[in-house]
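**Q** Encoded as structure tokens, here's the structure I'll be asking about.
The values are calculated or read from the model by the stated rules, or taken from the named source; none is laboratory data. Since we're looking at a predicted model, the values are computed, not measured. Counting neighbours? That spans all protein chains shown, and the Cβs are built from the backbone with ideal geometry, glycine included. Ligands, DNA and RNA are excluded from the accessible area calculation, which covers all protein heavy atoms including side chains. Shrake-Rupley method; radii C 1.70, N 1.55, O 1.52, S 1.80 Å.
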Amino acid sequence: MKIIILLLLSIAAFGQQVIKLYPGKAPGSENWNWEVKEFTPMPNNRMLFNVTEPTLTIYPAAPSKGNGTSIIVAPGGAFHILSIDSEGHDVAKWLSARGITAFVLTYRVVKSNGPNPFAELMPLMNNFKKLDEINAPVVEMATQDGIEAIKYVKENAKTLGIDPNKMGFMGFSAGGTLTMNVLLSAPQNLKPNFIAPIYHYADAVTGKEMPNAVTPAFIAVAADDNLGFAPHSIRLFERWTAAKHPTELHVYENGRHGFGMRKLNTSSDHWIQDFENWLRVRAFL
């Protein structure tokens, strides 16, 4: 209850409760004085940039449907932006409707210097080495934001009406990278119970500590991922199965990078149904 009093913001976004993850300025970015901004490069898919204040937006499980499962959802955007709808709120709404309490994680990202972060980011997408160097300090901050989110959810499980031993973490692209970093960096008592990295980027994963507990993984990517991330998911599948963690990999023929919850009339459109089936088989739904 003390944490809730300290962290609960008296604001709502999209009709949801928003939790501030730190009582003051986020550690490591105390001198960040810029403001979060939003733009919409495509219909119904807003992007956030210049995020300085990490938060969780709570989507409670639909009444009478909840079974105690919860999932933290981390949007992607190369650690420069957050695809907050297609890879965040839309996913959370879907989970909530099926009885899973969902939390959309807004984590810290690299500062953009102009009104269009895409203009700054796109040239770097052809030079991942340089992008990784720029991102590295913020990736570590974002990882701490993810661990802090798990800590909040687990410590407030009773109040939230969830089972602290049925808590998952999923993410898309950079959010998938964050998912793996959180899992491999968090202390054993704060590691998620299951994960779903979707078209994740492996080269920015710095965590090293494998979970002691069995940690099922749902992995998904498009074979025609235009950033070349399909092999990253395949390697993760091989690593996870070698470590004897239950693992399911879906490589969709098409969908390119960033399909999220967008309907593209490609085979990747069905990933969320495959995820639902996996959750049911694993008794998380």
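**Q** Give me Rg over Rh for the stretch 149-268, both radii from the alpha carbons and Rh done the Kirkwood way, two decimal places.
**A** 0.99
**Q** When averaged across all projection directions, what area in nm² does the alpha-carbon convex hull of the stretch 195-265 cover?
**A** Computing the convex hull of the Cα atoms and averaging its projections yields 5.0 nm².
**Q** Based on alpha-carbon atoms only, what is the radius of gyration of the stretch 113-161 relative to the globular estimate 2.2 N^0.38 Å?
**A** Compactness ratio reported: 1.71.
**Q** Using the Cα centre of the chain as the reference point, and only Cβ charges (+1 on K/R, -1 on D/E), how large is the resulting charge dipole? Debye, rounded to the nearest 20.
**A** In total the dipole reaches around 660 debye.
**Q** At 7 Å along Cα-to-Cβ for each site, give me the label-to-label distance between E30 and D269 in nm.
**A** Using points 7 Å along Cα→Cβ, the separation is 5.2 nm.
**Q** Dipole magnitude of the stretch 131-230 about its Cα centre, charges +1 at Lys/Arg Cβ and -1 at Asp/Glu Cβ only, in debye to the nearest 20?
**A** 540 debye
**Q** Using only DSSP helix segments of four residues or longer, with each worth -39500 (n - 2.57), what per-residue ellipticity at 222 nm results for the chain after dividing by its residue count and rounding to 500?
**A** Rounded to the nearest 500, the figure is -9000 deg cm²/dmol.
**Q** While we're on this one: Out of N181, T215, V73, whose Cα points farthest toward the positive end of the dipole of the chain (charges: +1 Lys, Arg; -1 Asp, Glu; placed on Cβ)?
**A** It is T215, whose Cα lies furthest towards the positive end.
**Q** Ok, one more. At q = 0.08, 0.15 Å⁻¹, what base-10 log of I(q)/I(0) does the Debye formula yield for the chain when every alpha carbon is treated as an equal point scatterer in vacuo?
**A** Rounded to two decimals, the profile gives -0.29, -1.14.
**Q** Return one whole number: the accessible area per residue of the stretch 135-248 in Å², for a 1.4 Å probe.
**A** Each residue of the stretch 135-248 exposes 35 Å² on average to a 1.4 Å probe.
**Q** Return the carbon/sulfur percentage of the accessible area of the stretch 152-283, one whole number, probe 1.4 Å, all protein chains in place.
**A** 50 percent
**Q** Follow-up. Provide the convex hull volume over Cα atoms per residue for the stretch 21-155, in Å³.
**A** Enclosed volume per residue, from the Cα hull, is 115 Å³.
**Q** May I ask you to derive the FRET efficiency for V281 and A223 from their Cβ-Cβ distance with R0 = 25 Å, giving the value to the nearest 0.05?
**A** So, using R0 = 25 Å, E works out to roughly 0.60.
**Q** Something else about it: So for the stretch 40-96, what percent of the C-alpha to C-alpha distances run longer than 20 Å?
**A** That tail contains 30 percent of the Cα-Cα pairs.
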